[in-house]
1. Run residue B:90 past the list (1) touching a helix residue (DSSP H, G or I) at 6+ places or on another chain (Cβ under 9 Å); (2) among the β-branched types (Val, Ile, Thr); (3) facing chain A (nearest Cβ under 7 Å) and report the number of the one that doesn't hold.
2. Do we have any residue at all in region B:31-46 that's among the aromatic types (Phe, Trp, Tyr), over 30 Å from residue A:90 (Cα atoms) and buried (at least 19 other Cβ atoms within 10 Å of the Cβ)?
3. Looking at region B:126-145 only, could you name the residues that are touching a helix residue (DSSP H, G or I) at 6+ places or on another chain (Cβ under 7 Å), in a loop (DSSP other than H, G, I, E, B) and under 16 Å from residue A:31 (Cβ atoms)?
4. Mind listing whichever residues of region A:181-195 are within 11 Å of another protein chain (Cβ to nearest Cβ) and either touching a residue at least 12 places away in the same chain (Cβ under 8 Å) or not in a helix (DSSP H, G or I) (or both)?
5. Taking helices (runs of 4 or more DSSP H) that fall entirely within region A:87-155, which contain at least 2 residues that are more than 8 Å from chain B (Cβ to nearest Cβ) and out of contact with any strand residue (DSSP E or B) (no Cβ under 7 Å at 6 or more places or on another chain)?
6. Among the numbered conditions (1) modelled with pLDDT of 90 or more; (2) surrounded by fewer than 16 Cβ atoms within 10 Å (Cβ to Cβ); (3) not hydroxyl-bearing (Ser, Thr, Tyr), tell me where residue B:116 comes up short.
7. Inspect region B:204-226 for any residue being facing chain A (nearest Cβ under 10 Å), surrounded by fewer than 22 Cβ atoms within 10 Å (Cβ to Cβ) and of a type in the set (D, E, K, R) and give the result as yes or no.
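The values are calculated or read from the model by the stated rules, or taken from the named source; none is laboratory data. Treat the numbers as computed from the prediction; the structure is a model and nothing was measured. Cβ coordinates were reconstructed from backbone atoms using ideal geometry, including for glycine residues, and neighbour counts include every protein chain displayed.
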Amino acid sequence: MDTKRTIFRHRLLPYFLLAPQLAVTAIFFLWPAGQAVVQSFEREDAFGLKTTFVGLANYTALLSDPDYLNSLKVTVVFTVAVTLLSLVAALVLALAVDRMIKTATGYTTLLVWPYAVAPAVAGVMWWFIFNPTIGLMPYLLEQVGYHWDHSLKGTDAMILVVIAASWNQISYNFLFFVAGLQSIPASMREAAAIDGAGPAKRFWTITLPLLSPTTFFLMVVNVVYAMFSTFATIHATTQGGPAQATNILVYKVYNDGFIGLNLGSSSAQSVVLMVIVIALTVIQFAWVERRVQY
Amino acid sequence: MVENRPFLNVLAHAVLILGVAVVAFPVYIAIIASTRAPFDFQSGLLPLLPGPHAVENYATMLGIGLSSSGAPPLGLMMMNSLIMALSIAIGKIAISILSAFAIVYFRFPFRTLAFWAIFITLMLPVEVRIVPTFKVVADLGMLNSYAGLSIPLMASATATFLFRQVFMTIPDELLDAARIDGAGPMKFFRDILIPLSRTNMAALFVILFIYGWNQYLWPLLVTTDSRYYTIVAGIKRMADVTDATPQWNFIMAAVVLAMLPPVLVVIFMQRLFVKGLVETEK
């Protein structure tokens, strides 16, 4: 961690400058996180009067809780589906825009704005479109013989939240893919074309490998997004149901803590999630260090 | 484009038009629904063309609100959202630019420790520590207040890192020159650093405004008094009416109003938006 060659000499000033940020960080980030860690080793009685130290009991209880294991499975399915869907759709759109010369900016404008729509708002819109009684999609699906009902069928509910969550994320991935495509030297693709490689072959052997740093970065960002930022999507639509089919981990932490008031278990879940975020952040930063060599 | 392949060009246009249509589809439906009368939805099929009730639906929502679900007028909720988004954006920029200045231009004991304390906030998104954070805010008596809505979301490592990077690219000679001219640290900060990082601040502001406006879980928890409801969190409360079918025409009007400000920001400040998005991910 480097500073400037010339610096200011001041004893107190830097502390004053740092004070607001450090105060907010300590009070609203570090202290609560510490509390979560402490509480994850404790159990509170039903009236909240007495807490006892129970060691790893909350963690072992989690691992043998079928609801938690189900939530873990649901999170994996949801995360993989959102990441894949939003990455593939964004890549296809980015490749198409990359061919455009005059219309590229226009299309980009028309494709980036969903980033600005709140996940909760997007959730409500898709909820409305897929509403089993008045929605448009169930009506169309009925015409082809499929009875859609996300309030009863777990798979339908999962498809709904995956679509709502991906819809928000495509614009972000799209922008980064477009930037990644533009940084691939045209000379490489031209050389391959002269050697007789068609568009499909050029995509698989040149574009995709050279795009891999962007793709990898976006994969990490999308996993983080799907795991942690989709609380609003779930809460505004299925609320984890039906029968816990869309109960992802961040939703369960909230539900067990605020609705179920099981603080010990909720804290243990928080700690597990923090470990996951830390791991993902380390991966992301390790990659940033590596990218410099490209 | 390497060679001229008309078929691929047509295909690319088709893919993009389809993409734009899919992306716009839910918003189109929301806008249509917001111009309809309540009984239009009882036929069992959503109408696909606009109805004549746009003005009255929006006027009702902005001025009166959905009284059946205890929601205040949307005008008030949008004002709350605006206050929250602006405080988060301005607050974050202010505290991060100051701490980046301290970290880059001073050498002092515990500097590395301070850096890591800020860095670690990246790893603690509010969703994973929601219960204890709520307790802290409740203990401080900050529930149902603008301070409670915005201050806990102000700490941000990304903004600090962004300004640190900007400052590292500013030539040392500028500092030498300023010192020869007798400028102290705060004068240097005010007259040189702030003007030089103005575009970065603007780009960051766009991203943070959207971030603040779109907050959901946090306002849902810290506001129980309807005077402090924000629009994004308020929509869910309206759709959740028990014993009644949701009034979709009003809810969709609220949906359109909730997304309008941040979407307009992205469309009209697209260059700054893209810059902000790319910079904050470095």
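1. Of (1) touching a helix residue (DSSP H, G or I) at 6+ places or on another chain (Cβ under 9 Å); (2) among the β-branched types (Val, Ile, Thr); (3) facing chain A (nearest Cβ under 7 Å), only one is false for residue B:90: (3).
2. Quick first cut of region B:31-46, residues among the aromatic types (Phe, Trp, Tyr) only: B:39, B:41.
Among the residues that remain, those that are also over 30 Å from residue A:90 (Cα atoms) are: B:39, B:41.
Cutting the leftovers down to buried (at least 19 other Cβ atoms within 10 Å of the Cβ) gives us B:41.
The answer is yes; a qualifying residue exists.
3. Within region B:126-145, just B:142 meets the criteria.
4. Taking region A:181-195 first, the residues within 11 Å of another protein chain (Cβ to nearest Cβ) are A:186-194.
Matches in region A:181-195: A:188, A:189, A:192.
5. Values: elements: A:104-112, A:119-129, A:136-143.
In region A:87-155, the matching helices (runs of 4 or more DSSP H) lie at A:104-112, A:136-143.
6. (1)
7. Among the residues of region B:204-226, not one is facing chain A (nearest Cβ under 10 Å), surrounded by fewer than 22 Cβ atoms within 10 Å (Cβ to Cβ) and of a type in the set (D, E, K, R), which makes the answer no.
Rundown of residues vs (1) of a type in the set (A, V, I, L, M, F, W, C); (2) within 30 Å of the chain's Cα centre (by Cα); (3) at pLDDT below 85; (4) not in a strand (DSSP E or B), yes/no style:
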{"residue": "A:27", "(1), (2), (3), (4)": "yes, yes, no, yes"}
{"residue": "A:38", "(1), (2), (3), (4)": "yes, yes, no, yes"}
{"residue": "A:48", "(1), (2), (3), (4)": "no, no, yes, yes"}
{"residue": "A:69", "(1), (2), (3), (4)": "yes, yes, no, yes"}
{"residue": "A:75", "(1), (2), (3), (4)": "no, yes, no, yes"}
